[in-house]
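Participant: This is the structure I have questions about; it appears just below.
Derivation of every value follows stated rules applied to the coordinates shown; laboratory data play no part. Just so you know, these numbers come straight off a predicted model, no measurement behind them. Here the Cβ positions follow ideal geometry from the backbone for every residue, glycine too, while neighbour counts run over all protein chains shown.
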Ligand code: NAD
């Protein structure tokens, strides 16, 4: 600790003398593990991220931000989180003074991502933000600008881009083992029972709807499977239970990519869907499932099997992102990547509004 303090003091003096802003990664890379604070202790934090943070090598669960005081004793006893590292939404900015916390992970309803990303960035902490990055291009741009201004890292929780079997598909976008890619099919959905209708995923103002929740998986997949950006989209929406599902239930969106590549995508709250297929000039390959927490597997037209990754996806994602901060290297999924999807989502919604008209992106 003495060494670290004296290093920081020395570095700070050098930085101050040269009028160069003090980079936060200098703090972070002195630690064997980065301290992570989870913001929002719902399903994904409780069931996936906190358990994964017990498996990570380069980061660890150090703090929580919650608006529900009843959750605090459970998290304290399960994960040994000290009182000094427990915040609520009103005092979260005080995290700025907490050296235990290097990274703030935003795991809140989608329209809340921007506000809490900016609070974390202004507190000088690196930000990991769940997908979808936000619900508008404007919000994404403000998040990126704030993280840039505060010289912190921003990465989006697209766990598939860290997943080893998915990485093979990403690599095949450039190696093209079956020649030119012609068409892609990508579908992600689940049967959302709707319950009593109060969950935020069923409310537009909190960023609900199948498109933001599940639709970003096929959208992100056809982008990473081609390594290209779509140039236009045409979309339509269906709702089989309008009295219960007051957000978008099922959306079909067809994307055109450069070179005549076409992607047919679907997302739904009305059925279970989990398939990515890439048809090429000389064969095909696919993943099924392609976005589950485990068991992502695939095959090719030649009979090659892609065996499932045995590790923990979220632990791998967070370790990749922690190492990028520690080594000051490019993160795998920066804010700019989250923004690209939301730009397409806005075009999808515009096409639906204009009765399927093709929208240039
Ligand atoms: P959830 O409803 O289970 O949890 C949301 C949390 O936000 C709860 O703790 C809730 O108390 C809190 N919250 C604070 N203000 C709220 C408000 N005004 N209304 C509702 N809740 C409020 O949701 P979740 O499934 O954990 O999703 C959280 C985020 O994580 C979303 O952005 C979602 O897309 C993302 N997610 C990602 C994955 C993935 O695989 N990467 C999986 C699930 C969820």
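Participant: Counting only DSSP beta bridges with both residues in the chain, tell me the antiparallel percent, nearest 5.
Facilitator: Working: 35 of 61 bridges.
Roughly 55 percent of the beta bridges in the chain run antiparallel, per DSSP.
Participant: Sort 247, 74, 65 so that the residue with the fewest other Cβ atoms within 10 Å of its own Cβ comes first and the one with the most comes last. Don't skip to the end; give the middle numbers.
Facilitator: Working: 247 21, 74 11, 65 27.
By the 10 Å Cβ count, ascending, the order reads 74, 247, 65.
Participant: Sorted from fewest to most neighbouring beta carbons within 10 Å, what does the list 200, 75 look like? Don't skip to the answer; put the middle values down first.
Facilitator: Numbers: 200 17, 75 20.
Going from sparsest to densest Cβ surroundings: 200, 75.
Participant: Continuing with this model, one more query. So what is the 222 nm mean residue ellipticity for the chain from helices alone, if each DSSP H run of at least 4 adds -39500 (n - 2.57) and you divide by all residues, rounding to the nearest 500 deg cm²/dmol? All intermediate terms of the calculation are to be shown ahead of the outcome.
Facilitator: Working: 9 runs with 110 residues, N = 361.
Calculated from helices alone, the mean residue ellipticity at 222 nm is -9500 deg cm²/dmol.
Participant: Something else about it: Based on a Kirkwood Rh over C-alpha pairs, give the Stokes-Einstein translational diffusion coefficient of the range 23-158 at 10 °C and viscosity 1.306 mPa s in µm²/s.
Facilitator: On the way: Rh = 14.7 Å.
This corresponds to a translational diffusion coefficient of 108 µm²/s.
Participant: Against the longest principal axis of the chain, how steep is helix 164-175, in degrees 0 to 90 to the nearest 10, with axes from Cα atoms?
Facilitator: 60 degrees
Participant: What are the principal axis extents of the Cα atoms in the chain, in Å, biggest first?
Facilitator: The Cα atoms of the chain stretch 61, 48, 38 Å along the principal axes, largest first.
Participant: A further question on this structure: If the label point is 7 Å along Cα→Cβ of residue 299, which residues in the range 182-198 have backbone nitrogen under 19 Å from it?
Facilitator: The answer is 185-187.
Participant: Shifting gears a bit: In vacuo Debye scattering of the range 109-223, one point per C-alpha: log10 I(q)/I(0) at q = 0.09, 0.10 Å⁻¹?
Facilitator: So the normalised log intensities are -0.33, -0.40.
Participant: Please compute, for the alpha-carbon atoms of the range 209-361, the extent along each of the three principal axes and give them in descending order in Å.
Facilitator: Here the spans come out as 46, 39, 35 Å, largest first.
Participant: Suppose a student asked you for the relative contact order of the range 116-159, using Cα pairs under 8 Å spaced at least 6 residues apart; what percent would you report?
Facilitator: Numbers: 50 pairs, mean separation 22.6, N = 44.
Relative contact order here is 51 percent.
Participant: How many times 2.2 N^0.38 Å is the alpha carbon radius of gyration of the range 167-270?
Facilitator: On the way: Rg = 15.6 Å, N = 104, 2.2 N^0.38 = 12.8 Å.
So the Cα radius of gyration is 1.21 times the expected 2.2 N^0.38 Å.
Participant: When ranked by the protection proxy of mean other Cβ atoms within 10 Å per residue, highest first, what sequence do the peptides 343-349, 310-316, 224-230 form? Before the final figure, lay out each step's value.
Facilitator: On the way: 343-349: 21.4, 310-316: 17.4, 224-230: 19.4.
Result, highest mean Cβ count within 10 Å first: 343-349, 224-230, 310-316.
Participant: Among 163, 337, 238, rank each residue by its count of other Cβ atoms within 10 Å, from fewest to most, as a rough exposure measure. Numbers along the way, then the final one.
Facilitator: Details: 163 25, 337 19, 238 11.
Taking fewest neighbouring Cβ atoms as first place, the list is 238, 337, 163.
Participant: Still on this model: Once the Cα atoms of helix 216-226 and of the chain are each reduced to a long axis, what angle between those two axes, in degrees from 0 to 90 to the nearest 10, is obtained?
Facilitator: On a 0 to 90 degree scale, this one is about 80.
Participant: Note down the relative contact order for the chain as a percent, whole number, built from C-alpha pairs under 8 angstrom at least six residues apart.
Facilitator: Numbers: 735 pairs, mean separation 64.6, N = 361.
Relative contact order here is 18 percent.
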